[in-house]
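See below for the structure under consideration.
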């Protein structure tokens, strides 16, 4: 089988509307989920720390925007049947973290759901997954429900960091405190209706901003200019990964996949019991009630070394109990940390594990909770 990295070299990579600008800015470009994306501009550590201390600007216009509409009862029933969180609890203007599940209880993708009204929702899906999510939703839709992948017409920028609100409020000339954490507003800006949500993937306060492609390019340039005095920096995929790991956020293809249930994957807080079962319901709810045999946990190295994915993990008596799923050197904590899937029985009583790195077993500790406390904590 050809490795994924080699397969990506043989196909034409997609480009975001900011592709030319990234190259002009000197960004190092890499293949990611079928897209040619910036991995860094000035350096991963510098971009990471800028986001934690001031603000970072991310091109996330490779993400997918899927609109689901229909009669109120039919669209609600449909969404409840293909996701594991409770859609009926949402109010207009709310964003919900959720997951589209498959027939076996695994994940098609983790998503955010935007509720515009009882008859209109938007699903934001990961870059490499939104075609599969669209196909999956099309398979199960009924009645008046329509599913439209409108990704090519939407541009998305993420502005993240403790100064994100100050920067964006100054740019728009309006107070954004009315947008609560995991909520959004539609607003008129430069002749079009844009979507601004207080969400993100860094553990910091900030916004994800949805516009047309043309306005998205203008917005990127404007924000970098107005944000100079605040310390705003453009940020690539490298720091995006280190930021999300410090916040203990999962990534599809690492902690999330088509085989593991949401409970195994460490996002059991979105798993709800519903009157009408969703796909894979029995297996997912059994994991929720009884506990899964394995689950995602945080780990950090207690000895020199750097965690990466797929390192075998052992108990103190030498038994292999799992593997790392993601890992990095944390610029904020200045230590190596990551996520791992471990046997649940072991984690009940033990916190010390050993990670095999280049043939050597390094002492590590299992950690609960996020590795950092970012500014997002103040906006929940």
Return yes or no: is residue 67 farther than 27 Å from residue 374 by Cα and at pLDDT 95 or above?
yes
Between a residue in segment 161-179 that is at positive phi and any residue that is part of a loop (DSSP other than H, G, I, E, B), which pairs come within a Cβ distance under 7 Å, given they are 6 or more apart or on different chains?
161/54; 161/204
Could you check how many residues of segment 234-276 are more than 16 Å from the chain's Cα centre (by Cα) and free of Cβ contacts under 8 Å to residues at least 40 places away in the same chain?
3
Among the residues listed as 318, 338, the single one being touching a strand residue (DSSP E or B) at 6+ places or on another chain (Cβ under 9 Å) and loosely packed, with under 15 Cβ neighbours inside 10 Å:
318
Output the number of residues of segment 183-198 satisfying the condition of being touching a helix residue (DSSP H, G or I) at 6+ places or on another chain (Cβ under 9 Å), over 15 Å from residue 57 (Cα atoms) and surrounded by 12 or more Cβ atoms within 10 Å (Cβ to Cβ).
4
Identify, from the list 221, 274, 288, 293, the residue that is surrounded by fewer than 19 Cβ atoms within 10 Å (Cβ to Cβ) and within 26 Å of residue 180 (Cβ to Cβ).
274
Taking residue 289, is it more than 23 Å from the chain's Cα centre (by Cα), farther than 23 Å from residue 102 by Cα and either at pLDDT 95 or above or in a strand (DSSP E or B) (or both)?
no
Restricting to segment 264-286, give me the number of residues that are closer than 21 Å to residue 103 by Cβ and part of a helix (DSSP H, G or I).
8
From 346, 354, residue being part of a helix (DSSP H, G or I) and touching a strand residue (DSSP E or B) at 6+ places or on another chain (Cβ under 7 Å):
346
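The values are calculated or read from the model by the stated rules, or taken from the named source; none is laboratory data. What you are looking at is a predicted structure, and each value in this text was computed from that prediction instead of being measured. Because the Cβ atoms are built from the backbone with ideal geometry, glycine has one as well, and the counts that use them run over all protein chains shown.
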